[in-house]
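To start, the structure under review is shown below, and the notes come after it.
The values are calculated or read from the model by the stated rules, or taken from the named source; none is laboratory data. Nothing here was measured: the structure is a model prediction, and the numbers come from that model. Note that each Cβ is placed from the backbone with ideal geometry, even for glycine, and that neighbours are counted across all protein chains shown. Accessible surface areas use protein heavy atoms only, side chains included; no ligands, DNA or RNA. Shrake-Rupley method; radii C 1.70, N 1.55, O 1.52, S 1.80 Å.
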Amino acid sequence: MNENDPQISQDITNLITVGNAFSEHAKMSMRNVNVFYADKQAIHDVSLDIGKNEVVAMIGPSGCGKSTFLRCMNRMNDTIDSCRIEGDFRLEEDDIYHPNQDVVALRARVGIVFQKPNPFPKSIYDNVAYGPKVHGLASSKTDLDEIVETSLVRAGLWNEVKDRLTAAGTGLSGGQQQRLCIARTIAVGPEVILMDEPCSALDPIATAKIEELIAELSQNFTIAIVTHSMQQAARVSQRTAYFHMGKLIEVNDTKKVFTNPEHELTEAYITGRFG
Amino acid sequence: MTNLSSQPAANAQTPSTMDLVNKNLAKRYRAEKRFKAYGIAAILFGLACLVILFTDIVSKGHSAFLQTYVYLEVTYDADTLEIDDINNPQQIAIADYSALVKASLRQQFTDAKSRKERRNLYGLVSNGASFTLRESLEDNPALLNQTVGVWLLADDDVDTYYKSRGDDKADAFVGRLVPKQVAWIETWITNQQIKKRFNTTFFTSGDSREPEQAGILGAMAGSLFTLLVTIILSFPIGVAAAVYLEEYAPKNKLTDFIEVNINNLAAVPSIIFGLLGLAIFIGYFEMHRSLPLVGGLVLSLMTLPTIIISSRAAIKSVPPSIRDAALGLGASKMQVILHHVLPLSMPGMLTGAIIGFAQALGETAPLLMIGMVAFIVDIPGGISDPSTVLPVQIFLWSDSPERAFIERTSAAIMVLLAFLITMNTFAILLRNRLERRW
């Protein structure tokens with residue numbers, strides 16, 4: 001942020017979230033979340049609901065903690081030794097961080113798509129079939145074929161790859177790879193899909209395709225998406241959460257955030273004064 | 001620029017920037033060329049050494065693949081052999097066939113009168129010749145009391161003389177041969193009773209005190225069994241250790257301590273591992289000496305650090321995004337490792353393992369400690385038969401006084417190199433198969 005700007009160089013320690021962070025039909029609800037990397041606090045007391053079949057966009061300047069928060073929602077940060085998480089994460093009624101909560105089962109319900117397309121170095125078919133195989137979702141080869149086809153159709157990739165399912169997934173173009181990753185995620189049949197800047201490595205045409213896909217997927221899935229592009233947030237999401245230095249500053253309907261933000265930090269960010 | 005044009009005098013004295021750059025550029029190109037030349041020189045030096053080494057080994061060793069044989073008319077005389085019942089295999093087995101050879105030699109060279117001269121005469125044919133005669137009689141009992149011409153293995157002194165002779169008698173290496181023996185050999189040469197054949201003995205027998213009967217098969221089998229034990233033990237253990245250290249071990253002092261120790265073990269002289277094996281496997285566990293099993297255990301200990309270090313590097317090089325992708329789909333840690341990390345790192349692991357096994361194949365010092373330096377004639381049939389290995393066999397032969405062992409030493413080196421190249425080729429093919437092309 002720009003320290004010389006008197007309007008926004010203010011103390012953020014006492015900031016509270018403005019707008020409407022909660023939802024009546026919450027699919028996931030996070031309360032009073034604090035995340036630390038070793039001694040450094042990355043998330044300060046964030047509470048947020050993701051409503052059922054809703055697309056929530058998380059925006060904010062680099063290093064504001066939005067990706068960290070997203071990764072905590074299906075415990076991907078468990079793999080980082082120095083990461084310590086406090087607060088309450090719930091998927092419907094289930095406590096995500098309960099000691100008895102099985103991470104494997106959780107990730108079957110909360111899938112994730114990463115920033116960089118990361119297909120396995122296997123065939124397209126095997127990429128999509130991997131999740132169902134691991135979870136034992138298909139009882140026969142025909143079953144598995146069907147899951148693979150449905151997932152690829154829903155990810156809008158079927159027509160492009162149906163003739164070369166045995167070709168390498170890594171041989172596809174960047175946008176196709178990312179849609180393959182989405183197909184791979186929905187093949188497991190999750191309830192929530194987390195997307196961590198899914199279009200930041202893609203060209204505008206591929207981005208447009210993914211955005212269309214997100215709109216379609218929101219009919220069946222609950223989606224939380226981290227994005228650097230405010231236009232993208234405006235296009236795909238119903239609600240937008242603005243993060244700033246580890247704090248959740250404002251959550252509101254996307255239209256309101258981009259036309260009439262309540263908080264001056266949000267306004268400063270969306271008008272491009274920093275970020 | 002206007003400044004420069006208005007002061008041509010100053011311009012002439014102080015060169016322009018481009019001139020300076022160009023001048024420097026030529027210097028830089030020269031330096032670049034020199035730098036490249038150093039590299040080429042280093043490679044040429046290495047290649048030259050390799051060519052000299054191979055030329056030396058091949059020029060000394062190629063003659064060992066041929067062996068001198070002598071043609072003699074041998075009579076399977078029943079009385080000399082003391083065989084009265086041709087259908088009794090025991091009589092055939094214990095009969096004195098060397099007497100037949102001696103009789104044949106006496107018959108051809110009647111000038112050998114004294115006891116000493118006769119001994120010299122008998123010494124021209126290897127005592128392995130009697131085995132040849134026995135085998136042919138066992139195969140064909142009808143030969144009894146017949147006179148047939150057979151090619152018999154010549155003694156190593158004859159072999160050396162004949163091989164070194166060429167066309168001119170004067171070039172020949174006489175060695176221990178007395179003039180009379182040389183004369184007899186020359187008679188054979190004139191009669192065309194002597195010739196060189198492919199040395200099958202070298203590839204089908206074990207060690208022997210007699211160079212013409214010494215073979216490499218025992219040492220090859222010993223090396224094979226030892227290496228088999230090494231591979232079976234050290235590869236899985238090394239990979240398992242690497243997987244644990246990379247994927248599961250907590251980052252603490254103990255892990256650091258283990259890591260430092262593994263790195264140190266990789267630099268420990270191999271003879272120390274031999275002493276360790278002697279103390280533990282033979283001293284404490286009371287295993288027998290000279291076994292490929294013990295050799296394999298010792299070489300496993302020696303190879304493990306190399307395999308662990310290279311496997312860890314291979315595991316580290318698997319992109320974290322692949323792990324994230326599998327974890328994000330709900331794969332357990334073990335599934336991530338088995339389905340993604342190990343297949344992707346396997347080529348790298350194999351590369352390290354190949355280096356380790358090649359080192360183990362050529363290792364001599366630790367095996368001396370555990371008694372694999374023994375003189376063993378029998379070809380080992382398993383990991384619990386006493387045996388020696390190729391490098392130790394080379395060491396033993398290079399120490400032998402007989403001149404014929406010099407060429408056999410070089411030939412054994414060639415066999416070891418061929419063994420090594422075969423093994424590496426196989427491993428590289430395997431690695432290329434596993435390496436994903438996408």
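Listing for the model above:
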read-out	value
Some residue of the range B:304-323 being within 14 Å of another protein chain (Cβ to nearest Cβ), in contact with a helix residue (DSSP H, G or I) (Cβ under 7 Å, 6 or more places away or on another chain), open to solvent by 20 Å² or more (accessible area, probe 1.4 Å) and farther than 23 Å from B:ALA418 by Cα	yes
Any hit, the range B:117-124, residues being surrounded by 14 or more Cβ atoms within 10 Å (Cβ to Cβ), at pLDDT 90 or above and of a type in the set (Phe, Trp, Tyr)	yes
Yes/no for B:ALA129 being loosely packed, with under 15 Cβ neighbours inside 10 Å, among the hydrophobic types (A, V, I, L, M, F, W, C) and without any contact (Cβ under 8 Å) to a residue 60 or more places away in the chain	no
Residue check, B:GLU212 open to solvent by less than 60 Å² (accessible area, probe 1.4 Å), assigned to a helix (DSSP H, G or I) and within 14 Å of chain A (Cβ to nearest Cβ)	no
Subset of the range B:288-303 [open to solvent by 30 Å² or more (accessible area, probe 1.4 Å) and touching a Ser or Thr at 6+ places or on another chain (Cβ under 9 Å)]	B:HIS288, B:LEU293, B:LEU297, B:LEU301
Cβ pairs under 6 Å, 6+ apart, first in the range B:414-428 and modelled with pLDDT of 90 or more, second open to solvent by 50 Å² or more (accessible area, probe 1.4 Å) and not basic (Lys, Arg)	none
Residue check for A:THR259: at pLDDT 90 or above and either farther than 19 Å from A:ASN118 by Cβ or open to solvent by less than 10 Å² (accessible area, probe 1.4 Å) (or both)	no
Qualifying residue in the range A:159-174 (condition: more than 10 Å from chain B (Cβ to nearest Cβ), within 23 Å of B:LEU338 (Cβ to Cβ) and either β-branched (Val, Ile, Thr) or in contact (Cβ under 8 Å) with a residue 24 or more places away in the chain (or both))	yes
Count of the range B:233-256 residues which are free of Cβ contacts under 8 Å to residues at least 60 places away in the same chain and more than 14 Å from chain A (Cβ to nearest Cβ)	6
Residues within the range A:115-132 that are in a loop (DSSP other than H, G, I, E, B), at the interface with chain B (Cβ under 7 Å from one of its Cβ atoms) and under 21 Å from the mean Cα position of the chain (by Cα), tallied	3
Complete set of residues in the range B:178-199 that are under 30 Å from B:VAL415 (Cα atoms) and surrounded by 14 or more Cβ atoms within 10 Å (Cβ to Cβ)	B:ILE194, B:LYS195, B:LYS196, B:ASN199
Pick from the range B:340-397, criterion open to solvent by 20 Å² or more (accessible area, probe 1.4 Å) and either touching a His at 6+ places or on another chain (Cβ under 9 Å) or not assigned by TED's automatic domain parsing to the domain that holds B:VAL318 (or both), ranking: nearest to B:VAL239 (Cα to Cα)	B:SER384
Number of the condition not met by B:LEU53 [criteria: (1) of a type in the set (A, V, I, L, M); (2) open to solvent by less than 50 Å² (accessible area, probe 1.4 Å); (3) more than 30 Å from B:PRO141 (Cβ to Cβ)]	(2)
Residue check, A:SER218 surrounded by fewer than 22 Cβ atoms within 10 Å (Cβ to Cβ) and within 27 Å of B:PRO319 (Cβ to Cβ)	no
Members of the range A:79-103 that are surrounded by 16 or more Cβ atoms within 10 Å (Cβ to Cβ), farther than 15 Å from A:LEU48 by Cα and within 14 Å of chain B (Cβ to nearest Cβ)	A:CYS83, A:VAL103
Qualifying positions in the range A:51-60 - under 12 Å from A:ALA241 (Cα atoms) and either open to solvent by 20 Å² or more (accessible area, probe 1.4 Å) or modelled with pLDDT of 90 or more (or both)	A:VAL55, A:VAL56, A:ALA57, A:MET58, A:ILE59
Any hit, the range B:69-86, residues being touching a helix residue (DSSP H, G or I) at 6+ places or on another chain (Cβ under 8 Å) and either in a helix (DSSP H, G or I) or small (Gly, Ala, Ser) (or both)	yes
Test: A:ARG107 is buried (at least 19 other Cβ atoms within 10 Å of the Cβ), closer than 30 Å to A:ASN32 by Cα, out of contact with any Phe, Trp or Tyr (no Cβ under 6 Å at 6 or more places or on another chain) and at the interface with chain B (Cβ under 8 Å from one of its Cβ atoms)	yes
Selection count where residues are at pLDDT 85 or above and loosely packed, with under 11 Cβ neighbours inside 10 Å, scope the range B:18-27	3
Output for the range A:133-150, where each listed residue is within 22 Å of A:ILE223 (Cβ to Cβ) and within 12 Å of chain B (Cβ to nearest Cβ)	A:HIS135, A:LEU137
Subset of the range B:330-339 [within 11 Å of another protein chain (Cβ to nearest Cβ), more than 16 Å from A:ALA129 (Cβ to Cβ) and buried (at least 19 other Cβ atoms within 10 Å of the Cβ)]	B:VAL336
From the options B:PHE419, B:PHE405, residue that is open to solvent by less than 20 Å² (accessible area, probe 1.4 Å), under 18 Å from the mean Cα position of the chain (by Cα) and farther than 13 Å from B:VAL373 by Cβ	B:PHE405
Count of residues meeting criterion [within 16 Å of the chain's Cα centre (by Cα) and either crowded, with 19+ Cβ neighbours inside 10 Å or of a type in the set (Asp, Glu) (or both)] in the range A:189-211	13
